[in-house]
Amino acid sequence: QDEEKWDYVLVSDIHEAGSEKEIKRKKFLDELSKKGFTIKKIEDKKLFYGVRAPNHIFLKYQWLLRNPDSRLQKPNDNHNVPVTTRIRIVNFILQNTVTPDCEKLRDLMKKKVFEATFPLHEKEEIREFLKEHWARWREIFRQQPIEKIRCYFGEKVALYFAWLGWYTYLLGFAAVAGLVVFIAGITTFNSSQVSKEICEANSTIMCPLCDQKCPFWMLSDTCIYAKVTHLIDNEGTVLFAMFMAIWATVFLELWKRQRATVVTDWDLYRWDEDEEELAMDLINNLQHEPRQYQHSYFRSTIILLLVLLMIAVLIGIAHALVIYRVVATAFFTQSSSEFVREQAIILAMVTGAVLHYCTIVIMTKINRRVALFLCDLEKPRTFSQRENNFTVKIFTFQFFTNFSSLIYVAFFLGRINGHPGNYVRIAGKWRLEECHPSGCITDLFIQMATIMLLKQTISNVMEYLSPWVKHKVRRWWRRPKKRRMMLGEEEEAEDPCKRQWLSNYELDEVNIFSLFDEFLEMVIQYSFTTIFVAAFPLAPLLAFCNNLVEIRLDAIKMMRLQRRMVPRKANDIGIWLQVLEAIGILAVIGNGLVIAITSDFIPVQVYKYMYSPCVKENNTGVDCTTGYINHSLSMFRVQDFEPYTKGDPGLAPTGLCHRYRDYRNADDYSYTVQFWHIFAARLAFLILFEHVSLCIKLIAAWYVPDVPQSVKNQFLDRKHNNLRKELRWVMSQEV
């Protein structure tokens with residue numbers, strides 16, 4: 001039965017005899033034969049070549065690397081070599097076998113000599129277990145069988161699912177905290193003094209929100225939005241933002257402990273990737289010379305400039321989205337529909353968020369190509385180094401793609417647009433958009449909610465449907481051929497390998513970055529969950545629900561819809577850990593800025609302790625925020641409007657003055673003393689919040705050891721026992 005087990009399958013089109021492609025294919029297969037590989041050919045609509053490596057290759061690997069996969073065996077016994085190790089070694093040899101024309105498998109695939117290469121999903125006990133007890137929707141709340149995942153897909157995939165499961169588990173605590181903050185906001189929905197003042201401001205006339213066809217409006221018109229804003233902009237948000245900064249640190253520290261325990265059980269804690277790659281290079285070619293470490297300052301400078309250029313392009317796209325919202329607002333305000341005119345700002349923000357999502361989808365593909373091109377320029381020494389370089393670049397590009405527009409909405413929207421009578425305009429025509437009348441944090445909330453919901457619905461649906469549709473189409477395409485063969489003469493019995501190879505070929509293709517894509521998706525989600533969580537407390541809850549689905553979705557894809565991934569050995573999640581730590585620091589900065597700049601938390605606190613009735617009078621029965629709304633609005637004279645802004649004279653109020661959100665003097669529109677008090681308070685809060693949060697993060701990192709004591713004691717006992725054995729051996733030799 002072992003004789004019919006094949007390590008790998010190569011697929012090729014049927015080329016004409018004597019053609020260049022046929023000759024190149026034969027040369028490559030001849031090189032494999034020289035190395036002792038057994039090759040089996042099956043012809044159908046395509047040519048299938050099954051390859052099986054000789055046993056001596058695995059014995060060499062066991063001798064060179066004495067790790068959990070490779071205890072010393074008898075010379076002819078390699079049954080203890082795991083399938084994942086066999087596939088990994090065979091894949092390495094296939095990728096590094098050179099033909100007499102100095103071409104590798106990668107070059108032959110580019111020239112269409114081979115169409116596909118893949119290891120096989122085999123009908124073994126562990127696969128059936130994973131299909132029934134892991135890759136099922138009904139198992140959504142059950143713990144994952146990480147050890148069995150490792151035995152089938154290798155350590156790297158197992159660590160991904162271990163990390164994702166741990167992240168989702170701890171995300172549950174953050175989701176509950178966010179939900180509590182949101183519910184606390186709901187309980188005070190009608191009791192907020194600020195919201196009450198807005199709802200009762202029937203005589204407060206506000207500036208038009210656009211130049212043409214926009215009426216003067218009453219502040220009380222935004223009553224509902226003011227109450228909704230209070231759900232996310234309250235004292236609980238500050239505590240929740242600090243909680244999330246601590247949560248991000250504790251999550252990573254606890255993951256380090258979890259990872260140490262897992263890889264120690266696998267006996268991979270001190271595994272050396274470079275040593276393994278050197279060993280496989282020597283097994284493949286005894287004359288191999290290692291590639292030396294090199295560094296070129298000129299090449300690094302060129303790559304840095306190209307990265308900065310790409311970032312500038314991504315920021316330019318964010319500017320284009322800003323221009324879209326400005327033009328869309330002007331367009332909606334001139335609509336014939338009264339509803340569209342009244343909701344112009346909301347419609348512009350929502351359609352802008354949808355457009356932002358579309359740019360994310362498109363730029364993700366472009367960012368990948370650019371990052372790969374830059375990696376090729378760098379010429380990294382090893383595959384792992386190439387993967388790390390690619391990870392840093394693609395994450396940087398994706399970060400700016402996802403967050404440039406959000407950064408503008410959070411920190412610049414409504415702060416660089418000028419004031420009535422002196423608006424900042426694009427092309428001298430369209431004035432920059434303002435925050436929603438109920439507060440700037442509402443715009444950020446809408447933007448984040450729209451993007452996260454789209455990413456977690458459309459993206460997940462497409463992630464599942466794409467391989468499912470491809471799989472069904474390939475099966476349908478092959479079906480007529482099988483029927484004709486069954487109706488024809490029975491020339492010979494069908495090869496037992498044929499059906500297995502064909503069924504594997506019909507599955508969706510995977511590549512070296514398939515697992516990378518899953519990591520990137522989750523790390524971007526982690527960024528959304530932590531960096532601007534102060535503006536969207538429900539983000540952890542959405543992420544938690546998404547991850548429950550994501551785990552089973554990925555499992556079903558890998559087990560049922562995709563070809564088998566090439567197993568890779570690993571003892572951690574690689575450079576992703578450093579990326580997550582960087583996001584944790586950005587989360588502290590981002591949330592501090594959101595509370596200090598975007599939220600009305602600081603202006604309200606300054607008013608309470610410097611200008612409110614509680615300061616002027618010793619009256620405990622008065623709410624200290626009474627009068628805040630009137631205090632936060634400035635006066636503007638109608639006759640000071642720009643001619644372009646006056647619009648329909650029939651819409652003007654009878655009075656001479658009306659209000660707008662800002663802290664400016666009524667005579668010359670310069671900033672008031674209150675503005676500078678609030679500015680100083682924002683700056684002081686930002687510094688205090690970030691220093692306190694970072695100190696707590698450092699204390700949490702110190703308090704939770706990276707490696708459990710049980711793991712340290714295990715290594716201590718192992719060293720002690722080894723030294724004792726060596727000493728006894730020396731003493732026995734002396735006797």
Sole residue being over 24 Å from T333 (Cα atoms) and over 33 Å from the mean Cα position of the chain (by Cα), chosen from S195, S220: S195
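This table checks each residue for (1) assigned to a helix (DSSP H, G or I); (2) assigned by the TED database to the domain that holds R659; (3) open to solvent by less than 10 Å² (accessible area, probe 1.4 Å); (4) not acidic (D, E).
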position: S191; (1), (2), (3), (4): no, no, no, yes
position: N202; (1), (2), (3), (4): no, no, no, yes
position: Q212; (1), (2), (3), (4): no, no, no, yes
position: D221; (1), (2), (3), (4): yes, no, no, no
position: F251; (1), (2), (3), (4): yes, no, yes, yes
position: R257; (1), (2), (3), (4): yes, no, no, yes
position: V263; (1), (2), (3), (4): yes, no, yes, yes
Qualifying residue in region 224-236 (condition: free of Cβ contacts under 8 Å to residues at least 12 places away in the same chain and either open to solvent by less than 50 Å² (accessible area, probe 1.4 Å) or not in a strand (DSSP E or B) (or both)): yes
Given (1) farther than 16 Å from A245 by Cα; (2) among the aliphatic types (A, V, I, L, M); (3) touching an Asp or Glu at 6+ places or on another chain (Cβ under 6 Å), index of the condition V588 fails: (1)
All positions within region 328-342 that are surrounded by 14 or more Cβ atoms within 10 Å (Cβ to Cβ) and either part of a helix (DSSP H, G or I) or free of Cβ contacts under 8 Å to residues at least 60 places away in the same chain (or both): A328, T329, A330, F331, F332, T333, S335, V340, R341, E342
For I198: the one exception among (1) part of a helix (DSSP H, G or I); (2) within 30 Å of F601 (Cα to Cα); (3) out of contact with any Cys (no Cβ under 8 Å at 6 or more places or on another chain): (3)
Per-region count, region 400-421, residues aliphatic (A, V, I, L, M) and either at pLDDT 85 or above or not in a loop (DSSP other than H, G, I, E, B) (or both): 4
Some residue of region 642-656 being at pLDDT 75 or above and surrounded by 12 or more Cβ atoms within 10 Å (Cβ to Cβ): no
Those helices (runs of 4 or more DSSP H) lying entirely in region 79-158 with at least 3 residues modelled with pLDDT of 90 or more and buried (at least 21 other Cβ atoms within 10 Å of the Cβ): 83-96, 146-153
Only one of T351, T364, T382, T329 that is touching a helix residue (DSSP H, G or I) at 6+ places or on another chain (Cβ under 9 Å), modelled with pLDDT of 80 or more and within 18 Å of M448 (Cβ to Cβ): T351
Region 119-147 residues that are closer than 18 Å to A158 by Cβ, paired with ones that are of a type in the set (D, E) and not in a loop (DSSP other than H, G, I, E, B) (beta carbon under 6 Å, 6 or more apart): none
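The values are calculated or read from the model by the stated rules, or taken from the named source; none is laboratory data. Predicted model, so just to flag it, every value in this text is computed and none were measured. Every residue, glycine as well, gets a Cβ built from its backbone with ideal geometry; the counts of neighbours run over all protein chains shown. With ligands, DNA and RNA removed, areas are computed over all heavy atoms of the protein, side chains included. Shrake-Rupley method; radii C 1.70, N 1.55, O 1.52, S 1.80 Å.
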